[in-house]
Amino acid sequence: MQFLDVISVNIWAILASLANLLILAWIIKRFLFKPVKKVVDARRAAIDDDYAKADAARTEAEELKQNYEASMAAAQQTSDQIIAEASRTAEYRSNEIVAEAREKATEIRRQAEADAVLERKKAEDEMKHEIADVSAQLTGKLLQREINEEDHRNLIDSFLNDLD
């Protein structure tokens with residue numbers, strides 16, 4: 001029966017252990033569990049707040065991205081319009097300059113042709129006057145004396161030498 005003493009159940013020891021267990025559980029709950037729970041809840045709230053801020057920032061970033069893409073598309077469209085307008089203006093101005101240059105070239109050519117015709121008429125008139133003067137002088141010399149063929153050639157040669 002000695003073995004039974006070691007195995008025996010002591011009610012008072014069980015009640016004392018149970019009381020110790022309850023007191024220890026209350027102390028742990030009161031001084032350890034509640035503060036730890038408060039810290040965990042505070043961290044959870046901070047993390048939830050960070051997630052909410054991150055979601056708000058992501059949403060705002062998406063909105064900014066959409067606004068940026070829209071403004072870039074508008075800017076691209078505006079720049080395309082400006083380039084197209086500048087190209088049309090440059091082409092129009094180029095055509096205008098070419099037309100003016102052709103007009104001026106035509107006018108210069110007409111003026112040059114008119115000047116050439118005028119110069120040719122002037123040269124012809126001067127030649128006619130020279131020929132008339134030469135003829136008049138030749139006739140005058142011929143009238144001063146009557147000459148034969150050899151004298152006539154000499155007279156023409158001397159006259160031509162006088163002209164040079």
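Each value in this text was obtained by applying a stated rule to the coordinates, not by laboratory testing. These numbers were taken from a predicted model, which means no experiment stands behind them. Methodologically, a virtual Cβ is constructed for each residue, glycine included, from the backbone with ideal geometry; neighbour enumeration extends over all protein chains shown.
Semi-axis lengths, largest first, of the ellipsoid equivalent to the chain are 140, 18, 10 Å, with √(5λ) applied to each eigenvalue of the Cα gyration tensor. Only the Cβ atoms of Lys and Arg (+1) and of Asp and Glu (-1) were treated as charged; on that basis the dipole of the chain about its Cα centre amounts to roughly 3020 debye. As a calculated quantity, the FRET efficiency between residue 108 and residue 71 at R0 = 41 Å, using C-beta atoms, amounts to about 0.15.
Of the residues 135, 71, 94, the one that moves most in a GNM of the chain with alpha-carbon contacts below 10 Å is 135.
Considering only 150, 119, 63, the mean-square fluctuation computed in a Gaussian network model of the chain, springs between alpha carbons under 10 angstrom, is largest for 150.
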